[in-house]
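Heads up, the thing below is written out as structure tokens.
The values are calculated or read from the model by the stated rules, or taken from the named source; none is laboratory data. These numbers come from a predicted model, not from an experiment. So basically every Cβ, Gly included, is an ideal-geometry build from the backbone, and we count neighbours across all protein chains shown.
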Amino acid sequence: MLKIGDKAPNFILQDKNGNSVSLSDFLGKKVVVYFYPKDNTPGCTRQACAFASNYEKFNALDVTVIGISKDSVASHQKFAEKFALPFILLSDPDLDAIKAFGVWQEKKNYGKTIMGVVRSTFIIDENGIIEHVMPKVKPDTNAEEILEILK
């Protein structure tokens, strides 16, 4: 997993509308990038809704929020519509950004070891450098914890 001080790897992924979005599009702004396992699952829904309910606070701090999972563009579109998610959701089915940030790891699932996305959040500064890393975050408190760090 990437560490504080590392340069955030650039990526170009599709958003929920099929538009290409690059991390480099946000140079000059602070960005919160959070990786999550799957749309419409209980933990991921709670996490996304927490970011949505705090969206204006992130805007007030001029911080862009980006959520990334390996779900499809169509899945992201339904997820965003169902829960009125105002921030950017990016589809990474080839695991390009997921692996580049080091969040594709072994996980235990019902006693079996599988590979999957470890729920993690990164704060990236205006120059594209990682200034904070939160591995294995809790979905219910992640957004508020990030806001506390940003203040």
Review point. Can you spot a residue in region 81-102 that is in a helix (DSSP H, G or I), touching a residue at least 60 places away in the same chain (Cβ under 8 Å) and surrounded by fewer than 18 Cβ atoms within 10 Å (Cβ to Cβ)?
Key: yes
Point to revise | Lys108 in a helix (DSSP H, G or I), surrounded by fewer than 16 Cβ atoms within 10 Å (Cβ to Cβ) and not hydroxyl-bearing (Ser, Thr, Tyr) | key: no
**Study point:** Residues that are more than 25 Å from Ser53 (Cα to Cα) and surrounded by 17 or more Cβ atoms within 10 Å (Cβ to Cβ), drawn from region 129-151
**Key:** none
**Study point:** Qualifying residues in region 48-61 (those that are part of a helix (DSSP H, G or I) and not small (Gly, Ala, Ser)) - the one nearest to the chain's Cα centre (by Cα)
**Key:** Phe51
Check your understanding: Quick check: is even one residue across region 77-85 of a type in the set (Asp, Glu) and touching a Lys or Arg at 6+ places or on another chain (Cβ under 6 Å)?
Key -> no
Review point. Among (1) over 24 Å from Lys138 (Cβ atoms); (2) basic (Lys, Arg); (3) in a loop (DSSP other than H, G, I, E, B), which single condition is Lys38 missing?
Key: (1)
Check your understanding: Which residue, of Lys99, Lys78, Lys82, Lys70, is of a type outside the set (S, T, N, Q), under 12 Å from the mean Cα position of the chain (by Cα) and at pLDDT 95 or above?
Key -> Lys70
Practice item. Would you point out which residue out of Thr121, Thr45, Thr113, Thr64 is modelled with pLDDT under 95, of a type in the set (S, T, N, Q) and not in a loop (DSSP other than H, G, I, E, B)? Key: Thr113
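Which ones in region 65-79 are surrounded by fewer than 17 Cβ atoms within 10 Å (Cβ to Cβ) and either touching a Leu at 6+ places or on another chain (Cβ under 6 Å) or in contact (Cβ under 8 Å) with a residue 24 or more places away in the chain (or both)?
Lys78
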